[in-house]
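Remarks on the structure that follows.
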Amino acid sequence: MLQRFLDPAVLASISSLDLVAKTVVDGFVAGLHRSPTFGFSQEFAEYRQYVEGDDLRHVDWNVFARTERIYLKRFKGETNSQLLILLDTSASMTYTSSTVTKLDYARYIAASLVYMASQQRDAAGLIVFDDDVKNYVAPSTRQGQLMRLLHAIEKAEGGSRTDFAKPFFHFQQFLHRRGIVVVLSDFYEEPETIAKVIEPLRYHGNEVVLFHLLDPNEVAPKFRDPVLLQDVEDDTAMEVSPEYARNEYRAKIKHHLTQLADKAAAAGLEYVFMDTSKPLDPALRNYLAIRQRRR
Amino acid sequence: MGFLAPWFLAGAVAVGLPIYVHLLRQYRQKPVRFSSLMFFERRTQSSIKHRRLKYLLLFALRCAFIALLALAFARPYIHSATIAKANGGRTMLFGIDNSFSMRQGDRLSRAKEEARAEIGKMREEDRGQVVTFGGPAKLVTEMTQDKGALLAAVGAIEPGDDTSSYAEISRVIRSTAESLKADVEAHIFTDDQQSSWPAAFADARLDDGTKLTVHPVADKAIPNWTVENVDAPRRVFDTKKVRTVATIAGYNTQDGTRKVTLIANGKAIESKEVKVPAGGRAAVEFLTLDVPYGLTRCEVRIDGADAFPQDDHWYFSVERADPKPALLVHGDNDSASPLYVRTALESFTDAAFTLDSQSTQQATNANVSKYAFVILSDAGPLPAKLEESLDSYVRAGGDIFVTLGRNATPGRKVPVAGLLITSLHTISPDSEPVQTATRIDNSYPAFGKGENWDGVQIFQYATVQAPEGPDTRIAARLANGLPLFIDRKVGEGHVMIFASAFDNFANNLPLQPVWLPFLEQTTHEMGGVGSARGNYKVGSYVDLRTAKERNVPVTIIGPGDKRLLSLAESAKATTFQFPSEGFFDIRRDNGREELAAVNADRRESDFTVLSADTLKSWKNTGIASRSEAGASSSRDKRDDNAELWFYALVLLAILALAESYIGNRHITAGTGKEAA
C-alpha cells in the first residue's frame, strides 16, 4: 500500500514538491522500519572519554554532573556527509511516453533525497545544468536550506541540449568538501565521455552516484508504422521504421546501458538505472546504502 | 461493352483523393518528438517502406469505390450480341406463313420444305423457334436447340383461313430480340403477298442486329377471281322483298364473264352471269331468296376457273321469320303519328314489323307482352291497367318508345320511366327561334348512322326532368339545352323518350329524310332485329352471351359438325374466335340460336407479290439500324443492350460496407495501440 505512494504516476498528481518529497520519504521510511538491516535517525551509539580537541558541543553534561568525568555522546548517524545533486535539465529530459517526464521523475528523486538529507542533518546542495550551469544552491545545513533546495528543484525547467564537459568542469570548483554526488540524467552521451567527465568528481573523495533515467519507450520503442522522429534537442528529423526500432535500436540502447554501467564501475562510479515508470525507492535505497558505507 | 454516359468516367480522377490520403499525406506526416536520435540511423530501407501504402486493403477499397461509382454513373452496358455470343450460337426464328393464300397450290408444303432445310443447317450451339403468322402469330415451339422438335413442329403446321401480316411477324421478331437480348436471325417462309404489308412501314421495322431472310414460295402474281362480298339481310320476313347483292372481284385478271350462283342449303336458287372488267369488280343482284323458316346456310359461288378455287364462294346466313307485331298507342286526337310510323315500317326492306295501332282507350286491355316493342305516341294519361302492364313489360326486358306532344300533361310523370314532365312549350315563330336537335350522341344506336338532323325543326316540346346518371342517358338535346331524346333503363328494359311528337304539328321530323333511318334504327334496336350479325371474317370474335344469358350454356358446332367448345368453355366462355371458314351454329340452352357464316379475308385473294424494293427495305431495317448503332440515341442503346449499372450499385454497397468495417478497425487499432 505504501509502495503506491512511490509510484511516479501517483506523485504526478501531487502539486507541491515538498509534499511529494515527504510522501516519498515517509513512505520509504515506513517500509524500512520493518527491515532489520538498515537503520536511520540519530541513534545513540556509545560514550567516549573526552580527549583534547573534541568538540565541547558533544559533551554529555548530565554524565559529567553525576560522575565529574567528561564523556562525549556519540550517535550512529552522526557524520559529516554532504549531498550534492546534479540535476540535468536538458531538453531530452522533458520527453515522456506517458504523464511523468524524465525531468519530473528526476525532480521527485532530487526532492526526496534533499528531504532525506535534511532529516539526517546532512548538508545538501543542488546544481541544475544542461549545457551550462543554470542554478546552484551551495550545500548547507542552515535553517531554510530544504526550502531553498525544493524551490530550486521546482524551478528547474527543460533547457537546451546536454553538454557534460562544460558544466562538469565548473562543478569541481563547487566541491570543497567530500560527500555524495548524485547525478540525475538520461546520459545521452558516449559512455567513455561520461565516465571521463564525471570521474574527476571522485578525486576529492566523493562518492558519485549516476542515476540514469530513461522512459520505457526509450528503452523499447514500439512503433507500428514508419514514423518521422524529431530530436527534441536539435530538431533534426529522421524516418524510422518499426523494424529498426524493434531490432537494431533496442540492441544499441542495451549496449549503451551495459557500456555505461561498465565504464561507471571502472571509474568507481555508482550506476543506477531508473525506469521512469517504476517507483522511486531504488534511488533512495541506493543513497542510504552509500551513506551507510561512508560511516 | 460501352457506356451510355461516358463523360461520367471523368469522375474516376477522384481516385486521386485516396491516393493523396494514403500516399502523399501519409508521407508528409507530422514529426513525432523523441528525446534523442543518438541510437537511430537513417536507412534507405526505412524510407522505401515508409512510402509503401499504409493500409493497402483500405486504399484499394476506397479506390475501387470511387472508380466503381464513376463507372455506375457512366452506365456501362454489354451489347446484346456479346450476350448472344456468351450464350453461344445464333438465335434463329423460323416464321411460316400459313394464311389463307398459302392454300394455293403447294405453297405451304414448299414453305415447310424450305423451313426444314434451314433448320437442318442449324449448328449444334444454335437455338431456334418456329412461329406461324397466318393470322395472329403463334409460337409453335419454345426457343430450343432440339432440331427434332423444330422439324416436328414444322411438319404439324396446317393451312389456315386467316390473314397474314408482316407487321405481326416483325413484332414477334422484335419481342424475341428484346426478351432474349440477342441478335435474331429470322427466316420467313411466305408467298410475299403485298396485301400482308402493313399500312405503316414502321410497323414492320426490325431491331438492331436482326438478320432477316425471306424465302419466297411465289415470285409472281397469279390471276384470281373471287366473291369479295355478299350483302344480304340478316333476317328475311318477306322472301319476295329480299335483295342480295354479291360483289365479284378479279385480281390480276383479264376482263371476262363469270357465272354467279346463289345457293341456299346446298341448293342452287338462281344463277346469273356477270361481266367483270380486267382487275376490277362487278356486282350481281338477286331479288328473291326463297328460303324456309329458320336459319338457312346460303352461299354465292362463281365458276372461278382459276388457280385458287378456295375463294370462289361467299358464305352467308339468313333467318326466315314472320314479321313481329309492334304496338302503337296514340291519343284520340292523333291520327298523324300512326300513319307516319306505319308507312315508315312498311317501307323498310326487311319489313320486320307489323304495326298494330290503337288509341289509348282501346289499348287498356292490350296484352303488351306479345309485341316486339310499344310506341306511346303522345298517348296522354294512360289507364292504370295499361301502365301497369307496360311497367311489367319493360321490367322484364321490353322496350317502349314514348313521344310527348300536346297530350302531355305538365306535372305528371312519363309512364314507366317515372320522369317528371315540368312543362309543355309551343314556340311562337314570330317571337322566338325554332328549336333544333343538337349534341346528338352518334354512339347511341338510334343515331348510329350519323344522319343529318339539321333540317328538323321542333315547334312544340315537353320539358322533362332527366338528371343524367347510370340509368338515364340523354342522346340528343334541343338547341336550348333541354333533353330531346332520353333513354331510361327500367329493370331489364328501356324507356326511350322523345320530348316532342311524331306528327306534323309538333315538328317536321316525319317529313325529313332522317325520319326513316332514325325510326328503322330505333325500332330494330327495340325489336332486337339489328343486334345480331350473320357474317364474320376468320379470326373475328362473336359474343356468346348477353348479360341475361350469363349462366346459359352455349354450344358451337363448326364445319364438319365438330363441337368446338369444351365443357368448361361451354359454361363460361363469353367470346369465341372463328378459326376457319364455314358455318358455325351457335346454340344456347335458352333456345336462342345463331348461325354465323365465316369467310376468309378477301385480301388473301390478291396474289400480287411484294416489290423487291420493299422487301429489301424491310430486310435492311435491322442491318441499317445496326450500322447506325453508334449514332443512335442512348435510349435505343438502353433498349437493346444489357445495362450493368445495377450490378455496379450492388458492388458499391458491398464495398461501402467493407470500407466502413476495415476503416473502423484501423481507427480503433490506431487510437488504442499505435505508439507515437
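The values are calculated or read from the model by the stated rules, or taken from the named source; none is laboratory data. Because the structure is a prediction, the values reported are computed rather than measured. Every residue, glycine among them, receives a Cβ derived from its backbone with ideal geometry; neighbour counts consider all protein chains shown.
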Counting just the residues of the range A:58-82 that are modelled with pLDDT under 80 and not small (Gly, Ala, Ser), which one comes out farthest from A:Pro139 (Cα to Cα)? A:Lys73
Answer yes if at least one residue in the range B:508-525 is crowded, with 19+ Cβ neighbours inside 10 Å and farther than 27 Å from B:Ala351 by Cα, and no otherwise. no
Return only the number of the condition from (1) at the interface with another protein chain (Cβ under 9 Å from one of its Cβ atoms); (2) touching a Lys or Arg at 6+ places or on another chain (Cβ under 6 Å) that A:Gly268 does not satisfy. (1)
Yes or no: the range A:231-244 includes at least one residue that is more than 8 Å from chain B (Cβ to nearest Cβ) and either modelled with pLDDT of 85 or more or in contact with a strand residue (DSSP E or B) (Cβ under 6 Å, 6 or more places away or on another chain) (or both). no
Take B:Glu158 and decide whether it is charged (D, E, K, R), closer than 19 Å to B:Arg107 by Cα and at pLDDT 90 or above. yes
Exactly one condition in (1) among the polar types (S, T, N, Q); (2) over 22 Å from B:Pro510 (Cα atoms); (3) crowded, with 21+ Cβ neighbours inside 10 Å is not met by B:Thr364; state its number. (3)
How many of the residues making up the range A:83-140 are without any contact (Cβ under 8 Å) to a residue 40 or more places away in the chain and basic (Lys, Arg)? 0
Considering each of B:Asp231, B:Asp192 in turn, give the residue that is modelled with pLDDT under 90 and closer than 30 Å to B:Gly89 by Cα. B:Asp192
Taking the range A:232-259 as the region of interest, how many residues are within 12 Å of A:Val219 (Cα to Cα) and buried (at least 17 other Cβ atoms within 10 Å of the Cβ)? 5
Residue by residue through the range B:300-343, note down the ones that are within 30 Å of the chain's Cα centre (by Cα), surrounded by 22 or more Cβ atoms within 10 Å (Cβ to Cβ) and not hydrophobic (A, V, I, L, M, F, W, C). B:Asp311, B:Tyr315, B:Ser317
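Table: residues versus (1) over 28 Å from B:Gly398 (Cα atoms); (2) part of a loop (DSSP other than H, G, I, E, B); (3) modelled with pLDDT of 90 or more.
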| residue | (1), (2), (3) |
| --- | --- |
| B:Leu516 | no, no, no |
| B:Arg533 | no, yes, no |
| B:Val542 | no, no, no |
| B:Lys548 | no, no, no |
| B:Phe584 | yes, no, yes |
| B:Glu594 | no, no, no |
| B:Val598 | yes, no, yes |
The residue that is nearest to the other protein chains (Cβ to nearest Cβ), considering only those in the range A:201-227 that are among the β-branched types (Val, Ile, Thr) and buried (at least 20 other Cβ atoms within 10 Å of the Cβ), is A:Val227
Scan of the range B:346-355 for residues that are surrounded by 18 or more Cβ atoms within 10 Å (Cβ to Cβ) and either over 39 Å from the mean Cα position of the chain (by Cα) or assigned to a strand (DSSP E or B) (or both), ordered by number: B:Phe353, B:Leu355
Exactly one of A:Lys134, A:Lys73 is over 30 Å from B:Ser36 (Cβ atoms) and of a type outside the set (A, V, I, L, M, F, W, C), and that one is A:Lys73
I'd like the full set of residues that are assigned to a helix (DSSP H, G or I) and free of Cβ contacts under 8 Å to residues at least 24 places away in the same chain, limited to the range B:319-345. B:Leu339, B:Arg342, B:Thr343
Where in the range B:369-439 are there strands (runs of 3 or more DSSP E), lying wholly inside it, with at least 3 residues that are modelled with pLDDT of 90 or more, in contact with a strand residue (DSSP E or B) (Cβ under 7 Å, 6 or more places away or on another chain) and within 30 Å of B:Ala352 (Cβ to Cβ)? B:374-377, B:399-403
Right, A:Arg107: within 16 Å of the chain's Cα centre (by Cα) and basic (Lys, Arg) or not? yes
Which numbered condition in (1) under 22 Å from B:Arg281 (Cα atoms); (2) touching a strand residue (DSSP E or B) at 6+ places or on another chain (Cβ under 6 Å); (3) in a loop (DSSP other than H, G, I, E, B); (4) aliphatic (A, V, I, L, M) is the only one that B:Ile222 fails? (2)
Here the residues within the range B:567-586 that are surrounded by 15 or more Cβ atoms within 10 Å (Cβ to Cβ), touching a Pro at 6+ places or on another chain (Cβ under 9 Å) and over 24 Å from B:Phe133 (Cβ atoms) are B:Ser570, B:Phe583
Taking the range B:296-330 and keeping residues modelled with pLDDT under 90 and either among the aliphatic types (A, V, I, L, M) or at positive phi (or both) leaves B:Ala305, B:Ala307, B:Val318, B:Ala321
Looking at the range B:458-476, which of its residues are buried (at least 17 other Cβ atoms within 10 Å of the Cβ) and in a loop (DSSP other than H, G, I, E, B)? B:Phe459, B:Ala466
Does A:Asn247 satisfy the criteria of being at the interface with another protein chain (Cβ under 9 Å from one of its Cβ atoms) and not charged (D, E, K, R)? no
Condition check for A:Asp262: within 11 Å of another protein chain (Cβ to nearest Cβ), exposed (fewer than 15 other Cβ atoms within 10 Å of the Cβ) and touching a residue at least 60 places away in the same chain (Cβ under 8 Å): no
